[in-house]
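Take a look at the structure set out below.
The values are calculated or read from the model by the stated rules, or taken from the named source; none is laboratory data. Computed from a predicted structure; not experimentally measured. Cβ: placed from backbone, ideal geometry, glycine included. Neighbour counts: every protein chain shown. With ligands, DNA and RNA removed, areas are computed over all heavy atoms of the protein, side chains included. Shrake-Rupley method; radii C 1.70, N 1.55, O 1.52, S 1.80 Å.
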Amino acid sequence: MTVLQNLSIAKLQEGYKNKDFSVREVVDFFIERIEKHDNKINSFTTTTFDQARKLANMADEKIAKDGPDIIAGNPLLGIPLAYKDIYSTKGVKTTASARVLENYVPSFSSTVVSRLEDAEAISLGKLNCDAWAHGSSGENSDFGPTKNPWNLEYVPGGSSSGSAAAVASEFIIAATASDTGGSIRLPSSFCGVSGIKPTYGRVSRYGVVAMASSLDSMGLIASSVEDLARILEITAGKDFKDATSWDIEVASYSKELNEQVKELRIGIPAEYFGKGLSGVVKEKVDDAIKKFEEQGAQIQEVSLPHSEYAIPAYYIIMASEVSSNLARYDGIRFGNGRDAFGEETKRRIMLGTFSLSSGYKDEYYNKAQEVRRLITKDFTDAFEKVDMLIAPVSPTPPFKLREKTEDPLQMYLSDILTVSVNLAGVPALSLPCGFTQDELPIGLQLIGPKFSELKLFRAGYEYQQLTDWHKRKPQL
Amino acid sequence: MKYQPIIGMEVHIELRTKTKMFCACPGFHFGTKPNTQTCPVCLGLPGALPVPNAQAVEWTQFLGTAFGCTLAKFSRFDRKNYFYPDLPKGYQISQYEYPLATYGSWTNGEGKKIGIRRIHLEEDTGKLSHTTINGERVTLVDFNRSGVPLAELVTEPDFSSSAEAKEFVQALQQIVRYLEISDADMEKGSMRLEANISVRVGQTTNDIRQKLPDYRVEVKNINSFRFLESAINYEIERQSEALERGEKLVQETRGYNEVKGITFSQRQKEEAHDYRYFPEPDIPSFEFSDEILKEIKSKLPELPESKRKRFETEYKISPSYSKILTETRELADFFEEAIKVGSVHGISPAKLANTLVNKKPNISKMLPAELIKLIKNAEEKGQISDEELEKVSLQSIEENSDVVESYKNGKESVLQFLVGQVMRKTKGRADPTKTAELLKKLLS
């Protein structure tokens, strides 16, 4: 068997076609890696290895019986994935990494999971995250924090901590993830992997444990833009079970990927490069900007003037919706009772309940909605001048475990460069763009107008053709 | 009366859509086995999302149109947050700021106008039953009703008596049934009434909304028109007496005990919920164009009021007959269908109206054409008309004053003599039983 390294969907399919290895061999390889290393990383909450082996055998039989052409019709045949533990999986525990749901087994699968299963992907299990997806570091998981595979003393970023850490650790090819205020982009950036936060409504939310319904965006984390494109074209698109999903055609992202964006205009939002941005992050993002410029992109500074109000507006709207969305977890029909909620969850329920209470609602919730409209307009105005924006994902490189747990406000500020995108409902692609001297990853984000995923993928793909940050892997 | 009652009504109407408000489970739930009509959406399972039922939206707009409301061009759902074991999501999807229909009116039999403040759409809750199992007192929840569409109609506080309120809800029930959007069955709970009652000192003024009292008592759990009347009357009396004693009345919710015929306090103002309404983020807001709203209005069937008037002018029947014939849409449709068939056979609308009102044939077991056939047969047999029978009967009474005298003195057997007279005069074309009944009536 050839050495299984730096794998991608294309490489696996090529290998299956050429009979370099079987699906079962690949699945066993990943299972072995997880069994050997995940005790350090803690990226999985539940593993479904037996089921995965069974599916692998079935995939091998299919390839043997129908020939390698079958791969074209089943775009993820034999591709090992895993799901953030907020995606409902029929018959497999779905805990949201929360004690309240520690024994909850859904009777139905989320639309995204169903679509991936239909494409013949093989799931290895469920991935750890901040409980209910509340957090920026992964430390709010009720089942222990996920560690950053680049350095176990550091956080992997949250809330999709397990998704990013498992991809970086080469436990899986790709993972589902969700982004309400940066929960895909931040861990992608901290773990040196690629992540897509799609346009709000591009991917169905049906069957995914809701955090803040008007902000939740169902995306992906993988090792490269190419793999993100191959999977998003399967998960995206109208779902009649989600009234907020858009009936807009999904492009064949992977096939149209290597077309260069002509006369690309990239905007640099001044507010994202101001006070508080660490020197090394600025340096690495500037390097990337130069790369784009060398390729002929036109770079210009733009302004998103209401950026400074994004954090308070986000934490009010998000907490308000959280307080309502978590009301169903009363322990009457399923799950443990309310006393099983963690600290951060309780804090958000209280914040949200307060913000919506009569006498305070105008001052908080309604005001925050007003700010949201202004922030959305900032983006609309900017996209009249440029095709996309480039910015750092996090103002700092990854921080240490427990560094911010005592100060919730400091933790909330980790999201300062990501939440505006969610308030505006626009898509953003997070890409690795360098490392600190201590070998900790740094990421950038490309932000586009609604439904510009293809354009973002093209720009990101081009960048990854020119750089190999995304190919670097941690030593476990 | 020293105290003037001020009454407003809130009525919940369960819509009889095929499926529930936000999922594909069957909407009909009465008498079904508990928890057999549920899914992740109406159970509020993690990740399940509501998708609104277009039929329920349209039907609520029908109801709005029937009461002359303005149909909203912009409307949306909101979340009403509160905890109760029959509410699986911990919030009810309802409408707060932007209901589907607003500001309509209804005019009662005496020409008094009652304002309709709003009509909105929401979802029903599950049903709790308190029972004992193996000696243990338990509460069971049935979610078959969870998520069934409910239209809520709220009137202005324009009623000044229980009779007025009752007349309105009866008319509302009739309209809803005409629209065929609900069974509006009080016993089955597909129509539920709440009355808001307060009283104030002073004379009746034309503008009842002028200076409302600073409290209002909401009476819930009223499940018949009769109970509505007695609950309102009880409250008017209770409140008037309290004011008389110099007590201050407070905002509260009261229940109605139908056995004792009294209301009892359930919750006072200080314990009122803060529902923390906010726009339902899972459902995009609605925008209706003028064309769509026009189309909805054009689909509205003829309503009882205008049908009644049309019957009077078009078929030349009396107002009382017209009222009876338009009581249900089924009877009115039967009547008009029978007129069509009858015209071919020379049977007049007046004759048909007469037959339907007086003989009350079971129209659910008969086609209009069959009724025509029965009438034709009777005519061929030569039975005389009701009018003729009455004429002949009166004649017989006049001609036999002595017999009438002894009948009135208690000798009832002589009635048969009079029947015989009628039969003779009509040459046997009268129905003896019917004749006897008529004579009894005429002599009483």
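What to note about this one:
- Extension reserve of the A:Lys471-A:Asp438 stretch, reckoned as 0.36 nm per residue once the Cα distance is removed: 10.1 nm
- A:Phe451 long-range amide H proximity, modeled H, under 5 Å: A:Thr199
- Projecting the Cα atoms of A:Tyr463, B:Tyr96, A:Val112 onto the charge dipole of the protein assembly as shown (Cβ charges, centred on the Cα centre) puts B:Tyr96 farthest toward the positive pole.
- Within the shell defined by Cβ-Cβ distances under 15 Å, the residues around B:Glu405 carry a net charge of -2, with Lys and Arg each +1 and Asp and Glu each -1.
- Excluding ligands, DNA and RNA and using a 1.4 Å probe, chains A and B jointly bury around 2500 Å² of accessible surface, summed across both partners.
- Averaged per residue, chain A has 37 square angstrom of accessible surface, using a 1.4 angstrom probe with ligands and nucleic acids left out.
- Accessible area (Å², 1.4 Å probe, nearest 10) - A:Arg185: 0
- Note on B:Glu136: accessible area is roughly 120 Å² with a 1.4 Å probe, heavy atoms of protein only.
- Size of electric dipole in the protein assembly as shown: Cβ of Lys, Arg +1 and of Asp, Glu -1, about Cα centre, debye, nearest 20: 1900
- Per-residue ³J(HN,Hα) for region A:327-334, Karplus 6.51 cos²θ - 1.76 cosθ + 1.60, θ = phi - 60°, Hz, x for Gly and Pro: 5, 6, 8, 9, x, 7, 9, 7
- Options B:Cys23, B:Ile324, B:Ser105, ranked by Cα towards positive dipole end of the protein assembly as shown, top entry (Cβ charges): B:Ile324
- For A:Arg265, distant residues with modelled amide H under 5 Å away: A:Gln298, A:Asp387, A:Met388
- Mean-position separation - Cα centroids, region A:392-462 and region A:1-59, in angstrom: 29
- B:Glu370 sits with roughly 90 Å² accessible to a 1.4 Å probe, with DNA, RNA and ligands left out of the calculation.
- Figure legend: label point modelled 7 angstrom from the Cα of B:Ala54 along Cα→Cβ; residues of region B:285-299 with amide N under 14 Å from it are B:287-289, B:292-293, B:296.
- Selected from A:Ser188, A:Gln260, A:Gly201, residue furthest toward positive end of dipole (the protein assembly as shown; charges at beta carbon): A:Gly201
- Count of Lys pairs (Cα-Cα under 28 Å; at least 8 positions apart or interchain) in region B:1-160: 18
- Here the spin labels are modelled as points 7 Å beyond Cα on the Cα-Cβ line, and at B:Leu442 and B:Glu380 they lie 3.0 nm apart.
- Taken along the Cα-to-beta-carbon direction at a fixed 7 Å, the label points for A:Asp66 and B:Ser406 span 10.3 nm.
- Contact residues in region A:310-342 by the 40 Å² criterion (accessible area, 1.4 Å probe, full protein complex versus chain alone): A:Ser324, A:Arg328, A:Ile332, A:Arg333.
- Values of log10 I(q)/I(0), in the order q = 0.05, 0.07, 0.09 Å⁻¹, for the protein assembly as shown under a Debye, Cα-only, solvent-free model: -0.42, -0.70, -0.98
- Normalising the Debye intensity of chain B to I(0), with uniform scatterers on Cα atoms only, and taking log10 at q = 0.06, 0.10, 0.12 Å⁻¹ returns -0.38, -0.88, -1.09.
- Computed from point charges on the beta carbon alone (+1 for Lys and Arg, -1 for Asp and Glu), the dipole magnitude for region B:226-347 about its Cα centre is near 480 Debye.
- Once C-alpha pairs closer than 8 Å and six or more residues apart are averaged by separation and normalised to the residue number of region A:9-471, the relative contact order reads 17 percent.
- Element breakdown for the protein assembly as shown at a 1.4 angstrom probe: carbon and sulfur atoms account for 49% of the accessible area.
- Length released on extending from B:Ala369 to B:Thr328, taking residue separation times 0.36 nm less the Cα-Cα span: 12.8 nm
- Long-range HN-HN contacts of B:Met191 with modeled amide H, under 5 Å: B:Glu14, B:Asp185, B:Met186
- Helix B:162-179 axis versus longest C-alpha principal axis of chain B: approximately 90°, rounded to the nearest ten.
- For region A:298-330, the residues whose amide N sits under 16 Å from a probe point set 7 Å from the Cα of A:Arg265 along the beta carbon direction are A:298-304.
- Here the calculated FRET efficiency for B:Asp274 and B:Arg137, from their Cβ-Cβ distance with R0 = 41 Å, stands at 0.85, rounded to the nearest 0.05.
- The listed residues B:Trp106, A:Trp469 rank as A:Trp469, B:Trp106 when sorted by accessible area, largest first, using a 1.4 Å probe.
- Largest to smallest in accessible area, the residues B:Phe225, A:Phe143 fall in the order A:Phe143, B:Phe225 (1.4 Å probe, all protein chains included).
- Across region A:378-388, coupling constants 3J(HN,Hα) worked out from phi with the 6.51/-1.76/1.60 Karplus curve, θ = phi - 60°, read 3, 5, 4, 4, 5, 6, 7, 9, 10, 7, 7 Hz, and Gly and Pro carry x.
- Peptide A:103-112 shows a mean partner chain C-beta count of 2 within 10 Å per residue C-beta.
- A simple charge model with +1 on the Cβ of Lys and Arg, -1 on the Cβ of Asp and Glu and nothing else charged puts the dipole of region B:386-443 at about 180 debye relative to its Cα centre.
- Relative contact order, percent, chain B [alpha-carbon distance under 8 Å, six or more residues apart]: 15
- Mean sequence separation of contacting Cα pairs (under 8 Å, at least six apart), scaled by the length of region B:291-431, corresponds to a relative contact order of 17 percent.
- Region B:341-439 - accessible surface per residue (Å², probe 1.4 Å): 62
- Computed over chain A, the per-residue total of -39500 (n - 2.57) for DSSP H runs of n ≥ 4 gives a 222 nm mean residue ellipticity of -11000 deg cm²/dmol, rounded to 500.
- The residues of region B:34-49 listed by number as losing at least 50 Å² of accessible area in the complex, against the isolated chain and with a 1.4 Å probe, are B:Leu45, B:Pro46, B:Gly47, B:Leu49.
- Average beta carbon contacts from partner chains per residue of B:271-279, 10 Å cutoff: 5
- Between B:Glu305 and B:Asp214, the FRET efficiency estimated from the beta carbon spacing at R0 = 45 angstrom works out to 0.80.
- Fraction of the pair-distance distribution of chain A above 30 Å, Cα-Cα pairs, percent: 40
- Taking every protein chain into account, the accessible area of region B:3-297 amounts to 44 square angstrom per residue (probe 1.4 Å).
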